[in-house]
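One structure is given here, and the rest of the page talks about it.
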Amino acid sequence: MADLRLIYGFHAVTSRIRQNPDGVMEVYLQSQRQDQRMRDLVKLCEASGVRVIPVDSSRLDGMAGGVRHQGVAARVDAARRVQHLSDVLDTLTEPPLLLVLDGVQDPHNLGACLRSADAFGVHAVIAPKDRAVGITATVEKIACGAAETVPYITVTNLARTLRELKDRGIWVAGAAGEAKQDLHSFKHAGSLALVLGAEGEGLRRLTRETCDELVRIPMLGSVESLNVSVSAGIFLFEARRQRAMM
C-alpha cells in the first residue's frame, strides 16, 4: 500500500507531476479559481493522466491545515526515489558535490536549502533522520520543485556517514563562524561535501570533529551569522565557481 501525503502550491504540485506523474494520485483545485495559471495546471494534469478534483475553498483550507495552498493540493506517493547515498555516488560522471545539513529543523530553511542545491547542481542533500525537519508539505512548497529534483537522503548516524564519504575520497568541509580559514582562502575544486549546522546551534561537536576542515564566511557587518539557507547558497556558489575555473 502506498504511503500517501498531501503537498500544496503550484510549484510543488506542477514539479511533482512533471517529474513523477505516476506518483500523483489526484490533484485538488479550488473551484472558485479560474485564472490562466489554474487552466494551465488542468491541462498538465489531463496530459499526464492525473485525476483532477474541484473543491471549494473551505474544504481546501481544511485539508491544508493552515498552510498557504494557492488553491492547489495533491495527494502523492511519499516514497522517495533515492533511498541510499550509494545510489547517487555510484552513478556520477563528475566529482560529487554534496550538501550536508546537521539538524536543520525549520521547514522554510530546508526548502530554501533545496532550492540552492538545485540551482548549483548539488548531487544530493544529506541529513540525519532525528532532530531534522524532513520533507514536509511546507518544505515542498518553499523548495518550488527542488524537493523533486535533488535527492534528499536521511541517515541514522551523520558522523559515520561523513567518515564513509571521506573513505570515498570526498573532502568534508564544515561551516563554522569561529573557523580560522575563511571562504577567500578555501580552495577545493574536487569531490566535496559541505556541512552546515542547525539554526542557532551550528555544527554538533562530533560532526565538527569529523570534518576535514572548517571554513567561515567573512563577515563585514555587525551581525554574527547568516541564515543557514543563505550560507548554503554562498558556499555552493563558491564551490561551483572554483570548479568552473579548473
- Can you send over the carbon and sulfur percentage of the accessible area for the chain, probe radius 1.4 Å, protein chains only? 49
- Message: Compute the angle between helix 10-19 and the longest alpha-carbon principal axis of the chain, please, reported from 0 to 90 degrees and rounded to the nearest 10.
- Response: 80
- Task: Could you tell me how many degrees, from 0 to 90 and to the nearest 10, lie between the Cα long axis of helix 107-119 and the main elongation axis, the longest principal axis, of the Cα atoms of the chain?
- Result: 80
- Cα-based reach from Lys141 at 29 Å (exclusive), listing lysines while leaving out same-chain residues under 8 positions away: Lys43, Lys129
- Task: Normalise the Cα radius of gyration of segment 119-189 by 2.2 N^0.38 Å (N = residues in it) and let me know the number.
- Result: 1.31
- In degrees rounded to 10, the 0-90 angle between helix 36-48 Cα long axis and the longest Cα principal axis of the chain is 90
- Solvent-accessible area per residue for segment 1-79 (1.4 angstrom probe, square angstrom): 53
- List the relative contact order of segment 5-67 as a percent without decimals, with contacts defined as Cα pairs under 8 Å and 6+ residues apart. 37
- Item | Cα centroid separation, segment 158-176 to segment 205-246 (Å) | 15
- Message: Need the list of lysines near Lys187 for cross-linking: C-alpha distance under 26 angstrom, and skip anything on the same chain fewer than eight residues off.
- Response: Lys166
- Query: When each pair of different Cα atoms in segment 153-217 is counted once in the 1/r mean, what is the Kirkwood radius in angstroms, to one decimal?
  - Reply: 12.2
- Rh (Kirkwood, all Cα-Cα pairs) for segment 128-246, Å, reads 15.5
- Message: Could you give me D for segment 23-94, from Stokes-Einstein at 4 °C and 1.567 mPa s, where the hydrodynamic radius is the Kirkwood radius over C-alpha pairs? Units µm² s⁻¹, please.
- Response: 91
- Take segment 15-148, compute every pairwise Cα distance, and split them into 10 Å bins from 0; I just need the percent in each bin. 11, 36, 33, 17, 3
- Task: Leaving out ligands and nucleic acids, note down the accessible area per residue over segment 102-176 with a 1.4 angstrom probe, in whole Å².
- Result: 37
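The values are calculated or read from the model by the stated rules, or taken from the named source; none is laboratory data. Please read these numbers as outputs of a predicted model, since none were measured by experiment. When the accessible area is computed, the model is the full protein with side chains, heavy atoms only, and any ligands, DNA or RNA have been set aside. Shrake-Rupley method; radii C 1.70, N 1.55, O 1.52, S 1.80 Å.
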